[in-house]
Amino acid sequence: MMNVGVIGCGNIAETYFRSQKYFNNINFIACADINLEAAKKASITNNVEALTIDEILDNKNIDVILNLTIPQAHYEVSKKCLLAGINVVVERPITMLISQAERLKKISKMKKKYLGVVF
């Protein structure tokens, strides 16, 4: 069972939260958003803990972060996750620039963490 934290609580997040019903290997435990009110709303609806982005990155119970931020934030958020020692799966596009994707790949190898993209 993988404990999942979500960063980015916009409209698409609800689709992912609902997916927990269909898979037996994921457990959403926390969410965060630059807009704390959006995280609080998602936490109530989905029975998860609402955290700040710094708090979710410090949470030792999280195995993987699902990065559902806007595409322009994908690189920075994914980089923060990897540098914090957390596996990350990001909604596509992985980044806005190929050079950023290459840097994320290097960081993931250096930190020995997974970096994935949802298609």
Checklist entry - Which members of region 100-113 meet the condition of being in a helix (DSSP H, G or I) and open to solvent by 50 Å² or more (accessible area, probe 1.4 Å)? => result 102, 103, 105, 106, 109, 110, 111
Checklist outcome for this item: Checking 64, 77 in turn, the sole residue that is under 23 Å from residue 1 (Cβ atoms), under 11 Å from the mean Cα position of the chain (by Cα) and hydrophobic (A, V, I, L, M, F, W, C) turns out to be 64
Item to check | Qualifying residue in region 9-21 (condition: more than 16 Å from residue 118 (Cβ to Cβ), open to solvent by 30 Å² or more (accessible area, probe 1.4 Å) and of a type in the set (Ser, Thr, Tyr)) | outcome: no
Next on the checklist: Which count do you get for residues in region 69-99 that are open to solvent by 100 Å² or more (accessible area, probe 1.4 Å) and without any contact (Cβ under 8 Å) to a residue 12 or more places away in the chain?
Outcome noted: 1
Checklist entry - Can you name the residue in region 6-30 that is polar (S, T, N, Q) and in a loop (DSSP other than H, G, I, E, B) and, of all such residues, is modelled with the highest pLDDT? => result 25
Checklist entry - Given the structure, is residue 27 open to solvent by 40 Å² or more (accessible area, probe 1.4 Å) and more than 20 Å from residue 80 (Cα to Cα)? => result yes
Next on the checklist: For region 39-68, give me the residue count where each residue is among the polar types (S, T, N, Q) and either touching a residue at least 40 places away in the same chain (Cβ under 8 Å) or loosely packed, with under 13 Cβ neighbours inside 10 Å (or both).
Outcome noted: 4
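The values are calculated or read from the model by the stated rules, or taken from the named source; none is laboratory data. From a predicted model like this one, the values you see are computed outputs, not experimental measurements. Virtual Cβ from ideal backbone geometry, glycine too; neighbours counted across all protein chains shown. Protein only, heavy atoms only, side chains kept; ligands, DNA and RNA dropped before computing areas. Shrake-Rupley method; radii C 1.70, N 1.55, O 1.52, S 1.80 Å.
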